[in-house]
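Below: the structure, in structure tokens.
The values are calculated or read from the model by the stated rules, or taken from the named source; none is laboratory data. As the structure is a prediction and not an experimental result, all values here were calculated from the model. Heads up, the Cβs are rebuilt from the backbone with ideal geometry, glycines too, and the neighbour counts pull from every protein chain shown. Surface accessibility is based on the protein's heavy atoms, side chains included, excluding ligands, DNA and RNA. Shrake-Rupley method; radii C 1.70, N 1.55, O 1.52, S 1.80 Å.
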Amino acid sequence: MKGLKTQDLVLCGLFAALMGVGANLSPFLMIGSVPITLQLLFAILAGAVLGSRKGSIAMLVYVFVGLIGAPVFAQFKGGPAQLLSPTFGFVLSFVAVAYVAGKWVGDSQLVKPKHYFMAGSLSLFCNYIIGTNWMYFALLLWADAPAGFSYGMAWGWMLAYFPLDLAVTALSFFLVPKLKQALRRTHHLNTEM
């Protein structure tokens, strides 16, 4: 990967691994048939801490590792068959989530609280737009949609997850500055040696 240093590759790998852990921290907590995960948090952190390019690369690595068969998706699932899952759009959305968070926070030098708010809000918006639309079309076209299924119903289902996703997004506002500061400190120590 052109222009990436060893430290960048390690950090991308670390965030890809954190996504796998975040997907399966709570395998028994479910709302309907959808597991509750911390993937949104780690996707926002990847972009906001690493920047848009490296954060997106970390999420692409996570998606690729899962699609080749490693059980890193929610409920320890993996493999190309996951592309047909109604919830796979949320997995794909993490690439956009990291990119957007990185553009608002990770790539800029002057970051204010409003930037954290915008990064989290727009990232959550990307997650819902991509994931919910994928779910709608998957259920409509190749999965078994319930009787009377509609686009509004798909969005209505997301209301159950919104408070938790909002809390996770707010947690990212608190964690990002601390992680960025720790990363700068570590980088400074490495350059002194």
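Report whether or not residue 116 is open to solvent by less than 60 Å² (accessible area, probe 1.4 Å) and more than 18 Å from residue 15 (Cα to Cα). Taking the combined requirement at face value, the residue satisfies it. Across region 126-185, the qualifying residues are those that are charged (D, E, K, R) and free of Cβ contacts under 8 Å to residues at least 24 places away in the same chain, and the one among them that is least open to solvent (accessible area, probe 1.4 Å) is 178. Evaluate the following for residue 123: is it within 23 Å of residue 52 (Cβ to Cβ), among the hydroxyl-bearing types (Ser, Thr, Tyr), surrounded by 12 or more Cβ atoms within 10 Å (Cβ to Cβ) and modelled with pLDDT of 95 or more? Spelling it out, residue 123 is indeed within 23 Å of residue 52 (Cβ to Cβ), among the hydroxyl-bearing types (Ser, Thr, Tyr), surrounded by 12 or more Cβ atoms within 10 Å (Cβ to Cβ) and modelled with pLDDT of 95 or more.
So that you can scan it fast, the table gives a plain yes or no per residue for (1) at pLDDT below 95; (2) outside any loop (DSSP other than H, G, I, E, B):
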residue	(1), (2)
49	yes, yes
69	no, no
81	no, yes
98	no, yes
104	yes, yes
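Residue 82 passes every criterion in (1) in contact with a helix residue (DSSP H, G or I) (Cβ under 7 Å, 6 or more places away or on another chain); (2) in contact (Cβ under 8 Å) with a residue 40 or more places away in the chain apart from (2). When residues in region 84-96 are screened for being over 15 Å from residue 122 (Cα atoms), in a helix (DSSP H, G or I) and open to solvent by less than 70 Å² (accessible area, probe 1.4 Å), 4 of them pass. Hey, can you tell me all the residues within region 174-193 that are of a type in the set (S, T, N, Q) and at pLDDT 65 or above? Selection gives 181, 186. Taken over region 120-168, residues that are part of a helix (DSSP H, G or I), more than 17 Å from the chain's Cα centre (by Cα) and farther than 24 Å from residue 81 by Cβ amount to 5. Within the set 51, 66, the sole residue that is in contact with a strand residue (DSSP E or B) (Cβ under 8 Å, 6 or more places away or on another chain) and open to solvent by less than 10 Å² (accessible area, probe 1.4 Å) turns out to be 66.
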